[in-house]
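The values are calculated or read from the model by the stated rules, or taken from the named source; none is laboratory data. Every value quoted in this text rests on a predicted model; they were computed, and no experiment measured them. Because the Cβ atoms are built from the backbone with ideal geometry, glycine has one as well, and the counts that use them run over all protein chains shown. Each accessible area value is taken on the protein alone, full model and side chains, heavy atoms only, with ligands, DNA and RNA left out. Shrake-Rupley method; radii C 1.70, N 1.55, O 1.52, S 1.80 Å.
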Amino acid sequence: MYWSSSGRWTTLGSEPLLKQSGGMKGMGTLGRVSPFLATFAILVGSCGGRAAAPTTAPSQSPAPPSYELWVVDQAETTPTGGGTLYIYKSADLKGTAPTPAYTVNLGEAALGVGDGIGKHGHSIAFNPAMTHAVISYVDSGHVQVIRAADRKVVASIKMTGGTAGPAAPHASAVTPAGDAIIVANQGGKRLQRISADFKTDVYKVDSAADLDLSLLEDADHPGNLPVIPVFTPDGRYVYVPMRGGGSYVVDYQATPMKTVASVGKSAIGPQQCCATFVKDTIWTTAQGGATSTTTSFNLYQVTGLPDKLVAKKILSRTGNVESHSVILVGQYLWLADRFANTLDIVDQTGDTKTMSLASGPLAGRDPAPDIMAVSPDESTVFVALRGKAPVTSNIKGLDNAVGDIGGFAILTVKDNGRDATVSSFVALPLAGGASVVDPHGLRVRIVK
């Protein structure tokens, strides 16, 4: 079992989360194992202890594990970049006015470490053991590793660009084995690999592993800017959407890394963003259109991995809409629309429920929902809310990423994921040295 790049527990070899059926849109019923119970079972099975004698005493459900919410404000805190990391404890998030347990100035923390300060920390991921976080800086080309125990930046690596352009890591993910970091370097049109030893904090770019995606461009792959690496459930391959449309399945263990299969722009439109696996099926969003034109809302289902990809468009709408983050909550896919301020909840028959996130405590506001993360017991979902002056992803003149909060919303999950309510929100302060507030990366860390 490992914590996947989509921000949830994935059990290797488990029953499918969504079983394919003859229902509409190819979505079916759900078979799940409680993440905490599954973890507990693995621990017991590996410790060599004998099974307890049968008892008639009533059993008690174990308490859900404690966790932290890590939120990255990508607004600069120094003249050359930086940012702010806020860490909230799960117990505090249940209060009426949560405050961070720790605040880290990412500019100051990176001084003197490796390649130094990064600019616009866009995404965050954890290694499977959850001992370290990885932050990707989309504007400066840096990838930084932060040790969770003391919240220190222990590595700062500036990735290499190429003929396509300067380095711009949009997102990174740690391999299921915990031995490498796979980097989606959009600016350089490269998929790159950093060897990682999280026990000794030794990290090194494996240049021989570089996959130059610009060499694979053609009429159906016109813009091979990798968006995000998402590992297949067996951990063998990584699925990588392209900003210009289409996607690749990559053998990330090969040197150099190599593609196994692909679909083109004709199958999956441009401006892809987030993706999540449900057993062997991946669901991915695409905003459609050019970066300077009005956006659209699209959800695709991709089957046939690893080498016989078939993509099907499940949802589509146009106008002032923009499909962005997608996660699995219970039996349902949740999609955030940061332009329309809505949350789409898709059930196993393909039926879609759309709710406004400008509701409850956010009524009358412009939340601009972005990245989402779910608590370990799936009772709560956290949603990053963009600020009034977003430093990334905004289309000038459309203001698709502009919000008026600059913080995160706390949603209460209802009906096993079929419904939700906005229970509260947290507005982040203006960080020291910063001129705006603009959170983007947000992730849950299990505390062991």
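Partner lysines whose Cα lies under 17 Å from the Cα of Lys279, excluding those fewer than 8 positions away in the same chain, are identified as Lys19, Lys25, Lys308, Lys312. What residues from region 194-227 fall in the zone where the backbone N is under 20 Å from a label point 7 Å along the Cα-to-C-beta line of Thr293? Flagged as within label range: 218-225. Under 16 Å Cα-Cα from Lys204, which lysines qualify once same-chain neighbours fewer than 8 residues away are excluded? By straight Cα distance, Lys204 reaches Lys158.
Using only Cα atoms, locate the centre of region 236-258 and the centre of region 170-232, then give the distance between them in Å, rounded to an integer. If we compute the Cα centre of each part, the gap is 8 Å. For region 233-302, the fraction of C-alpha pairs more than 16 angstrom apart is 48%. As a length-normalised measure over Cα pairs under 8 Å and 6 or more apart, the relative contact order of region 101-168 settles at 26 percent. A Förster radius of 41 Å combined with the Cβ-Cβ distance from Lys199 to Ala63 puts the calculated FRET efficiency at roughly 0.90.
Taking 30 Å as the limit for the C-alpha separation, the pairs Lys89/Lys119; Lys152/Lys353; Lys313/Lys414 exceed it in the case of Lys152/Lys353.
Per-residue extension of 0.36 nm, minus the Cα-Cα distance of Thr163 and Lys258, leaves a gain of 32.3 nm for this segment. Summarising the amide proton neighbourhood of Ser140: residues at separation of 5 or more, or on other chains, whose placed amide H is nearer than 5 Å comprise Lys119. In terms of its Cα atoms, region 139-296 spans 45, 34, 28 Å along the principal axes, sorted from long to short.
For region 197-241, the extents of the C-alpha atoms along the principal axes are 45, 26, 15 Å, listed from largest to smallest. Quick one: grab the alpha carbon gyration tensor of the chain, order the square roots of its eigenvalues as a ≥ b ≥ c, and give me rounded if a/c is under 1.5, else prolate or oblate depending on whether a/b is larger than b/c. Rounded, since a/c falls under 1.5.
The apolar share of the surface of the chain, taken as the fraction of accessible area on carbon and sulfur atoms (1.4 Å probe, ligands and nucleic acids excluded), comes to 53 percent. Using amide H atoms built 1.01 Å from N in the peptide plane, name the residues 5+ places from Thr380, or on other chains, whose amide H lies under 5 Å from its own. The answer is Ser375, Val413. Each Lys and Arg adds +1 at its Cβ and each Asp and Glu adds -1 at its Cβ; summed about the Cα centre, region 195-313 shows a dipole of about 440 debye. Over all directions, the average projected area of the alpha-carbon convex hull for region 304-397 comes to how many nm²? The Cα convex hull of region 304-397, projected and averaged over all directions, gives 8.4 nm².
Taken per residue, the accessible surface of region 273-398 reaches 32 Å², heavy atoms only and a 1.4 Å probe. A DSSP coil position with no more than 10 other Cβ atoms inside 10 Å describes the following trypsin sites (Lys or Arg not before Pro) in region 316-408: Lys396. Rounded, prolate or oblate, given the Cα gyration tensor of region 95-207, with a/c below 1.5 counting as rounded? It comes out prolate by the Cα gyration axes. Across region 220-260, Cα-Cα distances exceeding 17 Å account for 27% of all pairs. Placing unit charges on the Cβ atoms of the charged side chains and taking the dipole of region 390-448 about its Cα centre, the candidate lying farthest along the positive direction among Thr412, Ser393, Ile446 is Ile446. In a DSSP loop and with at most 10 other Cβ atoms within 10 Å, the trypsin sites (Lys or Arg not before Pro) in region 225-313 are Lys308.
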